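The values are calculated or read from the model by the stated rules, or taken from the named source; none is laboratory data. Quick caveat, the model's predicted, so the values are computed rather than measured. Here Cβ is always computed from backbone atoms with ideal geometry, including for glycine, and neighbour counts include all displayed protein chains. Only protein heavy atoms, including side chains, enter the accessible area calculation; ligands, DNA and RNA are left aside. Shrake-Rupley method; radii C 1.70, N 1.55, O 1.52, S 1.80 Å.
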Amino acid sequence: MFTDVVGYTALTERDEAGAVRIRDAHRELVQTLVKQFDGEVVDATGDESLSIFSSALQAVDCALALQGALRSHPALRVRIGIHLGDVLRRNGEVIGEGVNVAARVRPLAEPGGICISEPVYQMVRTRAQVRARPLGQRSLKNVDQPLAVYALDSEEDAGAQAAGRTRRR
């Protein structure tokens, strides 16, 4: 699971102290929630974080909890990308296809959103608390084959979208 703070670079230009506070809040929240979902934060550089989980379900549940917690922090918007793939541990680093694809999926998420790859979708598609919208096949930088990508909405998000459609009618 890759996360990054939306607009962080621009924020550092406008308000460096505020940007540092937002980055620190992001790191603290990610550390807390990843631990709660039995994951491990393996890298946190700048405004990004990389976490690994033994289960795609745990990663998705953590991402949904993270975005839910951030609803009360409007200045802190995060994009999340999740992929299910092999990773290797080497000299304290986590590398491999799983990391590379998650990093490429993350920028496809809307600010405050979560994007997942097809393998993750197959693991969570029957979960009641998750709604997935297909974004189609995407060509990802330095990835040979296009990959189906989905945007996730929690039940709360899906309910709000349905209410919005109902009001417009």
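Might you tell me the accessible area per residue for the range 25-64, computed with a 1.4 Å probe and given in Å²?
Ligands and nucleic acids excluded, the result is 46 Å² per residue.
Identify which of the listed values of Cα Rg over 2.2 N^0.38 Å was calculated from the structure shown: (1) 1.99; (2) 1.03; (3) 1.25. Matching entry in (1) 1.99; (2) 1.03; (3) 1.25: (2). A simple spin-label model places the labels of A75 and N91 3.9 nm from each other, with each point 7 Å out along Cα-to-Cβ. Averaged over residues, the count of other Cβ atoms within 10 Å places the peptides 8-16, 114-122 in the sequence 114-122, 8-16, highest first.
Surface composition of the chain: carbon plus sulfur atoms hold 47% of the accessible area, using a 1.4 angstrom probe and ignoring ligands, DNA and RNA.
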